[in-house]
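All remarks here apply to the structure that follows.
The values are calculated or read from the model by the stated rules, or taken from the named source; none is laboratory data. Here the structure is a predicted model, which is why all the values come from computation and not from measurement. So basically every Cβ, Gly included, is an ideal-geometry build from the backbone, and we count neighbours across all protein chains shown.
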Amino acid sequence: MPIPDFQTLMRPLLARIQDGIEYQVRALVDALADDFKLTDDERKQLLPSGQQGRFTNRIAWAKAHLRMAGLVEPTGRGVFRITQRGREVLRDHQDRVDLRVLRAQPCYLAARSKKQVPTNEGVDENVNETQTPEESIEASYEVIRGGLGAELLQKLKAGSPAFFERLVVELLVKMGYGGTRKDAGEAIGRSGDEGIDGTIKEDRLGLDTIYIQAKRWEGTVSRPEIQKFAGALQGFRAKKGIFITTSAFTKEAVDYAAKIDSKIVLIDGERLWNLMLDFGIGVTTVATYSIQKVDSDFFGEEA
């Protein structure tokens, strides 16, 4: 089943801790995952930032809202337990505990008005909200990133072949290949025959050579193009190649590259712009937002 949203997790979380014992969030993750019969892939799913599990994040925010409502209380460093009011809400709401139920708790409204815990804009008005604050931020970030990626591809397709070659050089050097920009620049575009657009060192010592094909294409790259590139690699007795395009590869092309002896890495337009953003090629940072949390170690003695 899909990973439940943070509101759906509220009542199951309360039910899991109704015995009054102290719990930590991480101790409840596996138990609640079992309750919802999550698959291994769903349990391992991360937020786009890769910094936290999606399911763990949703449990943490369910607990944060329950705490604001006075249904759970902290009892020490990173531990909490259900309150008497929490047991009463659990008893009175057999089907579901969500934001609508929490809004009936005076202390929840007071906590929200003081903004003790950051929440999504408009979440009070929209009790059907399913995303945690981190998920909302990261979803917006992905929208911005996707729009920027589409703009980068347009720029690449409108540029000259020489510009695209320079970009390939810059990207591969930033990724750690090719030694110096001078070395890489001299290698890219040198061959120009037999399906090879250039070569680049795999490392600074030049222990191995990677052959490159770079295509600014509008149409999809099909299997024959990959076969031609693979044949060129064999002609040079090469085992490694990178095929870069501004478009996409057909399924047949991807399957063929995966089956042959030579290691050919396919970089389509989407992967290309993602790499450009990851390594800061062709873009500049206009704003940075830092998400912080309480340092439990700093307050350890007080706890």
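May I ask you to list the residues in segment 215-233 that are of a type in the set (A, V, I, L, M), assigned to a helix (DSSP H, G or I) and within 19 Å of residue 269 (Cβ to Cβ)?
Passing the criteria: only 226.
Quick one: is residue 200 at pLDDT below 80, on the phi < 0 side of the Ramachandran plot and either out of contact with any Pro (no Cβ under 6 Å at 6 or more places or on another chain) or surrounded by fewer than 17 Cβ atoms within 10 Å (Cβ to Cβ) (or both)?
no
Restrict the check to segment 234-241 and report whether at least one residue is surrounded by 17 or more Cβ atoms within 10 Å (Cβ to Cβ), touching a Ser or Thr at 6+ places or on another chain (Cβ under 8 Å) and part of a loop (DSSP other than H, G, I, E, B).
The answer is yes, given that some residue of segment 234-241 is surrounded by 17 or more Cβ atoms within 10 Å (Cβ to Cβ), touching a Ser or Thr at 6+ places or on another chain (Cβ under 8 Å) and part of a loop (DSSP other than H, G, I, E, B).
Under the condition of being within 27 Å of the chain's Cα centre (by Cα), of a type in the set (Lys, Arg) and more than 17 Å from residue 157 (Cβ to Cβ), which residue from segment 242-285 is surrounded by the fewest Cβ atoms within 10 Å (Cβ to Cβ)?
251
Does residue 211 satisfy the condition of being assigned by TED's automatic domain parsing to the domain that holds residue 172, among the hydroxyl-bearing types (Ser, Thr, Tyr), over 26 Å from the mean Cα position of the chain (by Cα) and not in a helix (DSSP H, G or I)?
So residue 211 fits the description; yes.
So which residues in segment 8-55 are within 19 Å of the chain's Cα centre (by Cα) and of a type in the set (Lys, Arg)?
43, 44, 54
Can you give me the ranges of the helices (runs of 4 or more DSSP H) entirely in segment 1-45 with at least 3 residues that are surrounded by 16 or more Cβ atoms within 10 Å (Cβ to Cβ)?
Once the helices (runs of 4 or more DSSP H) in segment 1-45 are filtered for at least 3 residues that are surrounded by 16 or more Cβ atoms within 10 Å (Cβ to Cβ), what remains is 10-16, 25-35.
Quick one: what pairs do we get from segment 142-168, first residue aromatic (Phe, Trp, Tyr), second surrounded by 12 or more Cβ atoms within 10 Å (Cβ to Cβ) and not in a helix (DSSP H, G or I), C-beta under 6 Å, 6+ apart or different chains?
Correct list of pairs: 164/216.
Determine, yes or no, whether residue 69 is out of contact with any Gly (no Cβ under 9 Å at 6 or more places or on another chain) and among the small types (Gly, Ala, Ser).
no
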